[in-house]
Amino acid sequence: MRASKARFVTACQQLLALAVVLAALTPAASVVNLDVVSTVPVSAAAAGVSSSQRVGDKPAPVATAPVDPRVTEVQLTAPTGQAVNARPANRPVEALSSSISADRTRVVSKPQPIVGFGAVGVTWDPARQVPDGTIALQARTRTRDVWSGWTKIDYDADHGPDPASAEARKARPGSEPLLVGRVDQVQVRATTEGTAPDDMQLAVIDPGREAVSKRQAPAIDTAAMSGASAPTAGSATGPTAAPATSYTPMPTIFSRAQWGADESMRDAPSLRYYEVHAGFVHHTVNSNDYTREDVPAIIRGIYAYHTRSRGWSDIGYNFLVDRFGGVWEGRYGGVDRPVVGAHTLGYNDYSFAMSAIGNYDQVQPTDAVLRAYGAVFAWKLSLHGVSAASTSQTVGRGTFGAINGHRDAGATACPGTYLYAQLPTIRAYAAQGQIGWDGRERQTSLAAGPQPDLIVRRARDGRGLVIPTTASGLGAPIDTGVNFGGLNALLNVGDWDRDGANDVIGRATDGTLLLYRGNGQGQLNAGIA
């Protein structure tokens with residue numbers, strides 16, 4: 001069985017497993033879920049790698065307290081159902097000029113003031129589907145009395161939460177955020193095929209300024225993480241894929257607190273976990289000449305735009321990497337956990353993403369960036385039982401390699417021509433980082449023993465049973481002590497509560513999730529909603 005995190009099996013797999021169990025063991029049982037195992041890497045010491053080879057451990061200027069960004073929304077076209085010249089009391093239409101021809105519309109904003117290390121983006125009514133290539137967005141800036149030329153604002157319809165998710169129902173389509181830096185004013189223009197979208201808004205983002213900035217090392221040390229240890233910085237209550245024992249390389253990561261994340265801005269109840277089968281390489285399409293001191297503000301600007309303008313639950317990426325090789329925690333929920341992001345449309349549930357801060361259609365990535373990708377992807381993929389060298393990973397309905405560019409999953413230029421060309425280098429660094437990792441299965445057994453188990457429900461009374469697997473075959477069924485009647489799905493989530501015993505989560509027919517805590521001997525405690 002291919003190693004990966006536990007997941008819901010398809011109906012066909014359930015029926016096939018049921019046939020085996022019916023023939024061999026419990027004639028009245030119906031299989032609800034098959035446990036799928038992950039792996040544990042070996043230690044760095046065993047592989048002979050010194051700590052000097054660690055990636056991302058250089059100190060950098062960071063925030064020491066949350067910073068509240070400010071986003072000013074400027075109305076460019078009228079909200080849906082209102083006349084173009086309508087002026088809501090709190091949102092006047094701030095178009096300097098507009099022109100409409102038979103086949104296109106152009107809207108130009110009034111110049112807007114910029115405060116701080118600013119960024120801009122453009123969003124519009126979700127009811128309007130705007131395919132790639134049918135809208136052109138541009139911005140220019142003024143410093144003192146001099147206007148710059150027009151710069152492209154990227155629009156990528158494949159960057160966002162999955163369509164069926166709760167997060168997507170609150171989201172607005174829009175451009176990527178464009179970093180404009182420390183300038184006096186900014187102006188945008190939008191040219192669309194046909195009519196312009198309703199409720200088009202220009203977001204002008206002030207990422208705020210740290211009251212106190214200090215030079216610190218990354219707060220998250222992946223070498224210190226362990227499935228049995230208490231959560232560390234960057235971790236949160238949720239499923240863990242495998243004990244994060246030390247191996248080579250062990251990246252260090254700047255935490256959300258270190259870039260000044262205001263946690264009240266994210267939608268905390270929407271935090272979700274699922275699976276990691278692969279990783280995607282992105283770029284933020286931002287400026288390339290930023291300093292180390294600018295990085296926390298850049299990330300806060302992206303965070304503010306994603307949450308306050310795009311309507312996402314949190315920043316879309318799981319990780320970000322700056323051009324100096326520093327790795328930064330992105331979406332909340334634990335860097336070692338399978339946190340569902342909003343980065344690769346249609347594939348977020350089954351993957352993670354790291355985005356390089358910069359525009360890699362314009363410049364080559366530094367070797368520090370490539371090594372950071374290799375280190376993080378090697379570490380993250382191994383936690384979820386994935387070989388960095390794999391070329392056949394099931395990601396949703398598609399098949400991908402373990403490491404991919406965003407463009408491999410959709411019609412997009414991301415992660416830029418120059419970064420995409422370096423994917424073979426990233427893959428080589430990641431595969432090198434997994435040297436000594438032998439793909440051993442970790443223990444995900446509910447019963448005592450090293451092998452994964454089958455979890456079944458007896459049809460006649462709904463009783464939950466565990467069927468241990470051994471090297472020689474299937475063992476005798478163990479009564480879990482709980483009734484699985486009224487559930488339509490079960491998932492062996494490993495040691496969810498980190499008490500040393502593996503657990504099960506069940507989903508009731510009304511959608512309620514119940515946690516059944518295990519005792520390590522095959523029995524489960526009563527479900528906790």
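For this structure, a couple of remarks:
- Gain in span if fully extended, Thr64 to Asp132, counting 0.36 nm per residue against the direct Cα distance: 20.5 nm
- The H on the amide N of Tyr360, modeled in the peptide plane, is under 5 Å from the matching H of Val285, each at least 5 residues off or on a different chain.
- Of the accessible area of the stretch 298-346, computed with a 1.4 Å probe over protein heavy atoms only, carbon and sulfur atoms account for 41 percent.
- Couplings 3J(HN,Hα) of the stretch 386-398, computed from phi: 10, 6, 4, 8, 5, 10, 9, 10, 7, 10, x, 9, x Hz, in residue order, whole Hz [Karplus 6.51 cos²θ - 1.76 cosθ + 1.60, θ = phi - 60°; x for Gly and Pro].
- Table column - 3J(HN,Hα) (Hz), the stretch 212-221, Karplus curve with 6.51, -1.76, 1.60, x for Gly and Pro: 9, 10, 10, 8, 9, 7, x, 7, 9, 10
- In this calculation the C-beta distance from Asp184 to Ala508 is compared with R0 = 56 Å, giving a FRET efficiency of 0.45.
- Using the Cβ-Cβ distance between Ser213 and Gln362 with R0 = 41 Å, the FRET efficiency computed as 1/(1 + (r/R0)^6) comes to roughly 0.90.
- Loop-located trypsin sites (Lys or Arg not before Pro) in the stretch 119-166, at most 11 other Cβ atoms within 10 Å (DSSP): Arg144
- Each 10 Å bin from 0 upward holds the following percent of the Cα-Cα pairs of the stretch 299-446: 11, 40, 38, 9, 1, 0.
- Here the Karplus relation 6.51 cos²θ - 1.76 cosθ + 1.60, evaluated at θ = phi - 60°, turns the backbone of the stretch 166-183 into coupling constants of 4, 4, 5, 5, 9, 8, 10, x, x, 7, 6, x, 9, 6, 10, x, 8, 10 Hz, with x for every Gly and Pro.
- In plain terms, the chain from Arg169 to Thr195 could stretch by 7.0 nm, reckoned as 0.36 nm per residue minus the Cα-Cα distance.
- Computed FRET value (nearest 0.05) for Asn525 with Ala428, which takes r as the C-beta separation and R₀ as 41 Å: 0.30
- Long-range amide H partners of Gly181 with built H, under 5 Å: Gly118
- Extension gain for Thr417 to Ala489 (0.36 nm times residue separation, less C-alpha to C-alpha distance): 21.6 nm.
The values are calculated or read from the model by the stated rules, or taken from the named source; none is laboratory data. Bear in mind the structure is a predicted one, so any value in this text is a computation, not a measurement. Neighbour counts are summed over all protein chains in view; Cβ atoms, including those assigned to glycine, are modelled from backbone coordinates with ideal geometry. These accessible areas exclude ligands, DNA and RNA; they are computed on the full protein's heavy atoms, side chains included. Shrake-Rupley method; radii C 1.70, N 1.55, O 1.52, S 1.80 Å.
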